[in-house]
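Read the structure below first, then the notes.
The values are calculated or read from the model by the stated rules, or taken from the named source; none is laboratory data. All values derive from a computational prediction rather than experimental measurement. We place every Cβ from the backbone using ideal geometry, glycine too, and count neighbours over all the protein chains shown. The protein model used for the area step is the full one, side chains on, heavy atoms only, and it has no ligands, DNA or RNA in it. Shrake-Rupley method; radii C 1.70, N 1.55, O 1.52, S 1.80 Å.
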Amino acid sequence: MSLTSPIEAGTPTSQHAQTALRFAPLTRHIGCEVEGIDLRRPVPAEAAAAMYRAWLDHAVLVFRDQDLSQEDLVRVTGIFGEFAPLGRPAHTLPKGFAKILPNIMLISNVRENGETIGALPDGEMMFHHDTIHRDDPHKATLLYSVEVPSYGGDTLFASGTGAYEALDPAMKQKLHGLRAVNFYVYNSVKRNDKQAVDATSQAVHPVVRTHDETGRKALYVNRLMSVKIEGMAEAESDTLLDFLFDHSEKPEFVYTHAWRKGDLIVWDNRCSSHARTDFPSDQRRLLLRATVKGMCRPY
Ligand SMILES: [Fe+2]
C-alpha cells in the first residue's frame, strides 16, 4: 500500500479515536460505508491506512452526513494518492461559491444565464470506468454532493472483480491476453461512426486488468466506452463485449447509491465501473469531483 500524500496524516485528535471508526459493507461484492469519522478534521495516519485498506477490499467507500469545504475534499483526496490534473471547462461560479479550487470539477445541471456551470449535466450515463480512454487512467474518483434532486441521479457501482471471478473457467481462458479499444464517447456516438471514432481520445487496455495493489483480476471493459476487442472480427467482438457488459451489470455485482446532500464517495477505477440513472431536469444537482492519478500502463 502506498500513502503518497504529504497531507493524509494529520495530527491525531480526540475526535478521531480509532474506536469510533466503523466499516459496514454495503453488498457482497462492492461498497463499504465508513462511519464515525468527520472528514472536516485531519485524518490520523492510522485511520487513513484503515480507510485505504477498506477501499482496496470494497472498491467503493461511502461517507454520509459530511459537511466538507473544497479544502477538506482536497485533503481527503490526498489519502488516496496524488491529484490528477483536470482538463476541466471554465466554471461559472454557482451561488454560494466564492471560488472553485483548481483540481476540483463541478458536476452539475445548474445553469446560469442559460449556460451549464459544470460538466456532465443531464440525464443518465451508461456504465464506464473513468478515463479508460487514456493511456494513464485515473486510479480513483471522489464525488461529494452539495445539492441533489428529490429522486433519481443515483450512481450504480459494479464490481469488475466480482464479475470476473464469477465467470466460468473457459471464459476466463478465452479472455486471457485479450485487449479492448476504449473510446471517449458519450452515449450518442455509435461504435461504427468512423468520423467520431477517429476524432475521439482512445486507448487500448487489457479486457481483464490485474489490480496493481491487490493482485486481483477484474473485468476492465464497459458499455459506454469499450468498442471492440483488438484483432477480433467485428461480429465476434460485439457478441463477446455484449456478453461481458450484460454480465458485469448483473444486480448481484452492483451497489446502487441514492445520494443525499453531504455524501462523499471514493471509488477505485481499476476494478469498478459506474453508471448514473436519470433525474428530473428541472431540479438542481451539484457535486464536487476530484480525481487521483493512476500509473501509466500499470500492468
Ligand atoms: Fe464517471
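Before moving on, here are some points about what is shown:
- Calculated mean residue ellipticity at 222 nm for the chain: -6000 deg cm²/dmol, from DSSP H runs with n ≥ 4 weighted as -39500 (n - 2.57), summed, divided by the residue count and rounded to 500.
- Area of residue 201 that stays accessible when all protein chains are in place (1.4 Å probe, Å², to 10): 50
- Of the solvent-accessible surface of the chain, computed with a 1.4 Å probe over protein heavy atoms with every protein chain present, carbon and sulfur atoms account for 50 percent.
- Sequence of 260, 289 from largest to smallest accessible area, 1.4 Å probe: 260, 289
- Taking amide H atoms as placed 1.01 Å from N in the peptide plane, the amide H of residue 272 lies under 5 Å from those of 160, each 5 or more residues away in sequence or on another chain.
- The accessible area of residue 232, taken with all protein chains in place and a 1.4 Å probe, comes to roughly 40 Å².
- When peptides 278-286, 250-258 are sorted by average Cβ neighbour count within 10 Å, with the highest value leading, the order is 250-258, 278-286.
- Available extension along the chain between residue 20 and residue 135 is 37.4 nm, counting 0.36 nm per residue and deducting the alpha carbon span.
- Nearest-10 value in Å² for the accessible area of residue 164, using the 1.4 Å probe: 30
- As a rough guide to protection, the peptides 20-29, 127-136 ranked by mean Cβ packing within 10 Å, highest first, stand as 127-136, 20-29.
- Number of Lys-Lys pairs in the chain with C-alpha atoms under 23 Å apart and a separation of 8 or more places or on different chains: 17.
- Once C-alpha pairs closer than 8 Å and six or more residues apart are averaged by separation and normalised to the residue number of the chain, the relative contact order reads 30 percent.
- 1.4 Å probe accessible area per residue over the chain, in Å²: 45
- Restricting the calculation to alpha carbons of the chain gives Rg and Dmax of 19.1, 61 angstrom.
- The angle separating the long axis of helix 234-248 from the principal Cα axis of greatest extent in the chain is about 30 degrees.
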